[in-house]
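Before any comments, here is the structure.
Derivation of every value follows stated rules applied to the coordinates shown; laboratory data play no part. In this text, all values refer to a predicted model and were calculated from it rather than measured experimentally. Note: ideal-geometry Cβ built from the backbone for every residue, glycine included; neighbour counts use all protein chains shown.
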Amino acid sequence: MFAVIDCNNFFVSCEKVFNPALEGRAVVVLSNNDGCVVSRSQEAKDMGIKMGMPAYQLAEQMGLRIGEDVVAFSSNYKLYGDMSRRVMQVLQELVPSMEIYSIDECFASFSGVSVEQIAEKAAEIVYKVRKYTGIPVCVGVAPTKTLAKVANWYAKKFKGYKGYCIIDSEEKREKALQKLEIGEVWGIGRRYAKFLKGEGVYTAYAFTQKSAWWVKKNMGVVGLRTQMELGGQPVAQLDLREEKKSITTSRSFGEMVSSLEDLQGAVSSFASACAGKLRQQGSAAGYLNVYILTNFYREDLPRYYNSITIKLPEATDSTFLLVEEALKGLKQIYRKGYLYKKAGVIVGDIVPCNAVQQNLFEHKDTEKMKCLNEVLDSVNSKYGRDALKIAVQGGLSDDQVEKWAMKRTWLSGNYTTDLKDIINIKV
């Protein structure tokens, strides 16, 4: 049996843990630069606030006053990341094995847990995660990962389940799928949902009744796997690898930038951050991708997007090599005359450092690079991120800091990671 453990309204729940006065109020968390809604409390959902709604529409279209009718928070990923770590640590003590799927969700194996004990174990997870972290979670348990997602959906939607739902019989499976709209199925995106409805397939159960030949012809192998999983046949197993398959570092700028110099500072910082993350997990990357784009919502400005993927001579985790290649790529895709809103660096084709295939034609001093990277990591670990950095990242001027900084009007404190933000209680 598989379990899906999903934190409820995770970003909002993190804010509520440290501010009990938010209980019962409509709360939303906004995306980078306070752009649009990315997390909502149940009260906010009941008011009709949609996921992805631009923040300005809260006032313009819904007449809501931020701070009075609805409480808004800027994204605080440092806080959310640490709270996620705490949740996952609790779960690791409660389940035999688990796959961290996202910041607020994981799959777990219930192997070794008897059928009679499954409900008890699910209830224990709901209780202990809330008790030890303050974060409410829902648990869905079923014979396949896709069915476990279905069970989790029911656990979230209906309070009568008390936070967990178990699909452990053919009767329960059919009943659950008959009432589940096809667009809610994990792995069925908006495009396929529209196509299936056009073919008269409105529920998950109706999808399981189509022939395997028809599904594969119209939706490929991925669609066929989804159908098999909904039918109770396990196809996807837990991915227990801890290392990431790709790493992305990007940012939307507080102000749009136009000069190559500004973009070079940003891209070199992103490449450096990717290199640091690679070293943390003992990996090296085989390729690097750099992208830049303008603000596509500004119809009054010329639009431009471009990216470039660079295959590295050999996989590396070196800050110096990745920054060098990233800047070469940036120069190839940069165009004058545009105001850029966002840039990013992605590294992929990740392999363990001890499994890197050497290139006979590369003559880099790897030992020297290794020593330099160790110095970077050591200094930054002791004195803070970017305490030591390579010259091209620069010491940012006040003007650059203002351009790069995200708009975070309603940012909360880093209550769990910063001493100055520790909550003081007066009694």
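Before moving on, here are some points about what is shown:
- Rounded FRET efficiency, nearest 0.05, which uses the C-beta distance separating Asp82 from Glu261 and R0 of 30 Å: 0.30
- Extension gain for the segment Ala387 to Ser114, taken as residue separation times 0.36 nm less the Cα-Cα distance, is 93.1 nm to one decimal.
- Residues of type aspartates and glutamates that Lys382 reaches as a straight line, Cα spacing below 18 Å, ignoring anything fewer than 8 places off in the same chain: Glu374, Asp418
- The chain, helix-only ellipticity at 222 nm - DSSP H runs n ≥ 4, -39,500 (n - 2.57), divided by all residues, nearest 500: -12500 deg cm²/dmol
- Once the Cα-Cα distance is subtracted from the 0.36 nm per residue extended length, the Phe195 to Glu299 segment shows a gain of 34.3 nm.
- Shape of the range 48-204, Cα gyration tensor, a/c cut at 1.5: oblate
- The range 93-156: C-alpha gyration tensor shape, a/c 1.5 cut-off, then a/b vs b/c: rounded
- Listed residue pairs exceeding 27 Å between alpha carbons, taken from Lys245/Lys311; Lys277/Lys331; Lys157/Lys194; Lys16/Lys78; Lys277/Lys311; Lys16/Lys145: Lys16/Lys145
- Anchor Lys162: aspartates and glutamates whose Cα lies under 13 Å away (excluding residues fewer than 8 positions away in-chain): Glu120, Glu124
- Label assignment, Kirkwood radius over Cα pairs in Å derived from the structure, set (i) 26.0; (ii) 24.4; (iii) 22.8: (ii)
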